[in-house]
Amino acid sequence: MIRIGTRGSALALRQAELVRQAIEQCDKSVRTEIVTIRTKGDRILDVPLTDFGGKGAFVEEFEQALLDKSIDVAVHSAKDMPMELAGGLAISAVLKREDARDVLLTRRGEDLSGRDKICIGTSSLRRQEQIKRLLPAECETLRGNVTTRIEKLKAGQYDGILLAAAGLWRLTLTEDETLDYRFLSFDEMIPAGGQGIIAIEARSTDEKLKMLLASVNDGKAMRELQIERYMLRALDAGCHEPIGVLSQVEELQTHIRLFTARDQVFAGDIVGRTDAWQQLADELIAKSRSEKGQNGKISVQRCSDEKRSAGQ
């Protein structure tokens, strides 16, 4: 029996179900059980994450459950994971990446053009900094699960809200006729590191489980997560930082994008050989430190908005 730990929201349960299906498809003899755990981030909804612990607010309880062996794996949205995991734990596998874009949701037919101020719901500093470069936005805190956030938009509490496309696709929430969806290109908004990736955390000493999870792992998504977490770690970034990073890995070529607005704004990207990804990442980080405020492009390779899954 493999006990799969997850949060209790509809999106978290859907992600856990995708992991359960992937494990059982790889080994039909394996039985699984989904175990829900309530985290600090689920209990405290009236203040931004930056006020009470950041990304660890969604992970601490799972890591304790892994260490005391009350669960065998924990399922996370990779973007919610802190840079440092508890000793003895590791990201053992990831599923194929979903659409990594952000989406601006507004009420259907509501014309926001020409307004001096537009109220946008988002608690992400990264999203706040980037949406203000697209719209005359005033951002207000927005937390809670995906459906709760959408209901707040429908109730008129905000003119628009920003959500991850991956969650909308997984919950089949892209067809609401009362809403308009603007899928933001990567030139408009660079996503959070790990956005669209489901990460499976497990004990690094469990060799049998590691072998099973290796058969579940998507190598392309794992390399992209490795690059993005490498850059976030090098930048000493957490959820307190307005930083976006995206890597798109192909067999021979890798495209890395970076947005940071710590002191001044930098938005740039770099393209080069996949086997030299660390050199590319270091070069882009160095560029961001030397040319903040320039919005420079080292190299440009546009991504089609018509494609659902980022990097395909």
Problem - At 1.002 mPa s and 20 °C, Stokes D of the range 102-183 from Kirkwood alpha-carbon radius, µm² per second - result: 169 µm²/s
Problem - Cα-derived Rg over Rh, computed across the range 193-272 with Rh taken as Kirkwood radius - result: 1.05
Handout entry: Inter-site label distance for ALA155 and ASP27 at 7 Å from Cα along Cβ, in nm
Key = 4.6 nm
Practice task
Beyond 24 Å between alpha-carbons counts as too far, so tell me which of LYS79/LYS220; LYS132/LYS154; LYS69/LYS220; LYS132/LYS220; LYS28/LYS210 fall in that bin.
Solution key: LYS69/LYS220; LYS132/LYS220
Handout entry: Rounded D (µm²/s) - the chain, Kirkwood Rh over Cα pairs, Stokes-Einstein at 20 °C, 1.002 mPa s
Key = 107 µm²/s
Problem - Computed label-point distance, nm, for sites SER204 and GLU138 using a 7 Å Cα→Cβ extension - result: 4.8 nm
Practice task
Tell me which residues come under 5 Å, amide H to amide H, from ILE37 once H is placed; ignore anything under 5 positions away on its chain.
Solution key: THR6, ARG7, GLY8
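Where a number appears in this text, it was derived from the coordinates with a stated rule and is not lab data. Predicted model, so just to flag it, every value in this text is computed and none were measured. Using ideal geometry, Cβ is built from the backbone for each residue, glycine included, and neighbour counts are taken over all protein chains shown.
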